[in-house]
1. Which of ALA64, ALA107, ALA245 moves most in a GNM of the chain, Cα contacts under 10 Å?
2. Antiparallel DSSP bridges in the chain: what percent, to the nearest 5?
3. Run through the DSSP bridge list for region 52-197 and note the antiparallel percent, rounded to the nearest 5.
4. Fully extended, how many nm does the chain gain between LEU120 and ALA83 (0.36 nm per residue separation, minus their Cα-Cα distance)?
5. Specify which labelled value, from (1) 25, 22, 18; (2) 32, 26, 20; (3) 50, 19, 18, agrees with semi-axes √(5λ) of the Cα gyration tensor in Å derived from the coordinates of the model shown.
6. Using just the helices of the chain, give the 222 nm mean residue ellipticity in deg cm²/dmol: DSSP H runs with n ≥ 4 each add -39,500 (n - 2.57), and the total is spread over all residues, rounded to 500.
7. Test of understanding: in a Gaussian network model of the chain with alpha carbons linked when under 10 Å, which of ALA228, ALA183, ALA83 would top the mean-square fluctuation ranking?
8. Any idea what diffusion coefficient region 88-129 gets from Stokes-Einstein, in µm²/s, Kirkwood Rh on alpha carbon pairs, 10 °C, 1.306 mPa s?
Amino acid sequence: MTFQIGGSMDRKIKKVAVLGSGVMGATIAAHLANVGIPSIMLDIVPPKLTPEEEKKGLTFKDPAVRNRFAATGKQNLLRMRPAALAVPELASLIEVGNFEDHLSRLAEVDWIVEVVVENLKIKQELFQKVAAVRRPGTIVSTNTSGIPIKDICAGMDLEFKQRFLGTHFFNPPRYMRLFELIATPYTDGEIYAGVAAFARNHLGKGIVEARDTPNFIANRIGAHAMMATVQVMDELDLSIEEVDALTGPALSTSGRSLGENRAW
């Protein structure tokens, strides 16, 4: 996918860095692999050795230890049901590494997407490190499900902020079409439009343009629905089991029945 950056040059998203290898990070990397885009997936260096690593005589100098979290995230993709990868062989498009040894490789990529723990301070500290090694013009985004985007990039320089936005995938990314796209007051309009086009045309996403408000749209609705359910539970003196029966399989079954008669 080619689009203009800053109106002066064309840039293709040929390779992506995924920062974080938990369920969301790994499955985003898998979805990129499904459309033929290679990625490097990085995570923290483990704080201690596992008993198995100790038995093998490994130390914190060994890549198998230092890359363990990212490697495990990649391995887990092969066991997921429904399958995160279209075919297992696509896992070869995902490289693994860690933040301490491989962050400089962010200079190789065209898009950096952060998917680490939902903690503002941790995200800000990571992006300070990212800013020191990324190639100017590289798109940077966060997959946060609710932290204000403007807060995450606070303190960064203008060039970084212009190329920074929220790209909120939903789990599992291969199957969930919803994709919230969130700009800040600084986000370059052409960058925003280019990412939207890429997500729509190459990743198969349905774009929902969300304002930079806490929890954006989907999770704001979800939080309201959850609290409304708790309120009704209290008013009607329902048990947890009764609420589960009313809001679980019953709703899922009716949704599937409706879907049989519509082209979603």
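1. Residue with maximal mean-square fluctuation among ALA64, ALA107, ALA245: ALA245.
2. Counting only bridges with both partners in the chain, antiparallel ones make up about 25 percent.
3. If we restrict to bridges inside region 52-197, about 35 percent are antiparallel.
4. Additional length available on full extension: 10.2 nm.
5. Checking each listed value against the structure points to (2).
6. Calculated at 222 nm, the ellipticity per residue is -11500 deg cm²/dmol.
7. With Cα springs under 10 Å in the chain, the top fluctuation among ALA228, ALA183, ALA83 is at ALA228.
8. Answer from the Stokes-Einstein relation: 130 µm²/s.
Here, each number is a calculation from the coordinates, and none is a lab measurement. This one's a predicted model, so the numbers in the text were calculated from it and none came from an experiment. Backbone-built Cβ (ideal geometry, glycine too); neighbour counts: all protein chains shown.
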